[in-house]
Amino acid sequence: MRYILLLLTASVADAVHSVSVVSTNAYTCNAVSGIDIAFSPDKKKITANFPPIKLTVEAPAHGYPGGNSTVGCGGTVEFEDWAGGVRFAISDVTWHTGKLNLTKNNLLHSLRAKVEMAVEHETNTYPLHYPMIKDYSSATLLDVDINPALTNYQGIFEASAKNPRLYWSTCFNGYLANTTKITFTLGGSSSGGGTSEPGWSMDLGLVWESCYAPNETVWGQKVIKGWESCTYRETNATIKRSKALYPMLD
C-alpha cells in the first residue's frame, strides 16, 4: 500500500544536499555566473534558477533570416545523503521570469521543461575491486512543452503546467555507494522577436511516498548492469588495438 508523504520527516528534510553543479551550455549559463538548483526546506519542490539567461532575439546566420527569440539553459546536479525508504515524482512545473517584452505581435509559442535522473550504484564496494563495477539506471521524470500563445504582453511572467505522466524516482536506501545526478533543462521560444530581463527559473512540485528500499537497484527506464565494468573493458580493448597500430605505446 502506498502512502503519499505530504510532510517529510526531519531526517529526510535535513539529508539531501548538492555536491556539484555542471552546466550543459557554458556560454549562456554556468555554475560560475549562476546556476542555483535546490530543494525547498520542506522538500515539496525543487527550484532550478538560472539568473543570467534571457529571451534574446536571434541574429541572421548561414541563411537563417533571424528575428525569432529563444531562451535556454541546462544544469546537472549531483545530490547525496538521501534518506532511505522514500521516492518522489514531479507533479507540475511553473516557469518564472522578470519583465517579459512581447510587443508588435511577438508570440511566445513554446515553454519547455525536462528533468532526467541517473543513478550509479556500486556493486563491489566491500572489498573494493578494479575495475569499479557499477549498475547504471536512468529515467525521465518530466518532459513537457506547452504553447502559452502569449502576445502583446509586458510585465512579470509566470506559467504553469501539470506533469501528464508521473514517473517515480528510484527508491532511495541511503547508500553511500550511490552517485545520484539530476539534469534540469529549461527552454522557450517566440516568433517575431521578444526579449526579457535576465533571470529565468522553474519550480517543480514534488510528491513523495514510502517505498521498499531494495527496489532501488531495479529502477529506471534504462538499466545497464555492470555498466562501469563494461565501459572499462571496451576502453581496454581499444587500447590494445591502438598498441597494435602504434608499437611504441608498449
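Any read-out appearing in this document is the output of simple, stated calculations on the displayed coordinates, not a laboratory observation. As the structure is a prediction and not an experimental result, all values here were calculated from the model. Backbone-built Cβ (ideal geometry, glycine too); neighbour counts: all protein chains shown.
Key figures
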item: Among 64-77, 31-44, 105-118, the order from most to least packed when residues are scored by Cβ within 10 Å on average; result: 105-118, 64-77, 31-44
item: Fully extended contour minus Cα-Cα distance, from Thr56 to Gln154, at 0.36 nm per residue; result: 33.8 nm
item: Sequence of Trp200, Trp82 once ranked by neighbouring C-beta atoms within 10 Å, starting from the fewest; result: Trp82, Trp200
item: Unsatisfied cross-links (Cα-Cα over 19 Å) in the set Lys134/Lys225; Lys45/Lys162; Lys114/Lys181; Lys44/Lys162; Lys54/Lys99; result: none
item: J(HN,Hα) series, segment 135-150, from Karplus relation 6.51 cos²θ - 1.76 cosθ + 1.60, nearest Hz, glycine and proline x; result: 9, 10, 9, 8, 7, 9, 8, 8, 7, 10, 9, 10, 10, x, 6, 9
item: Ser210 long-range amide H proximity, modeled H, under 5 Å; result: Tyr3, Leu5
item: Rg in Å to one decimal, and Dmax rounded to a whole Å, for segment 54-201 via C-alpha atoms; result: 20.0, 67
item: In sequence order, calculated HN-Hα J values of segment 157-162 (Karplus, 6.51, -1.76, 1.60; Hz; x Gly/Pro); result: 10, 8, 9, 10, 8, 7
item: In sequence order, calculated HN-Hα J values of segment 62-71 (Karplus, 6.51, -1.76, 1.60; Hz; x Gly/Pro); result: 6, x, 7, x, x, x, 8, 10, 9, 9
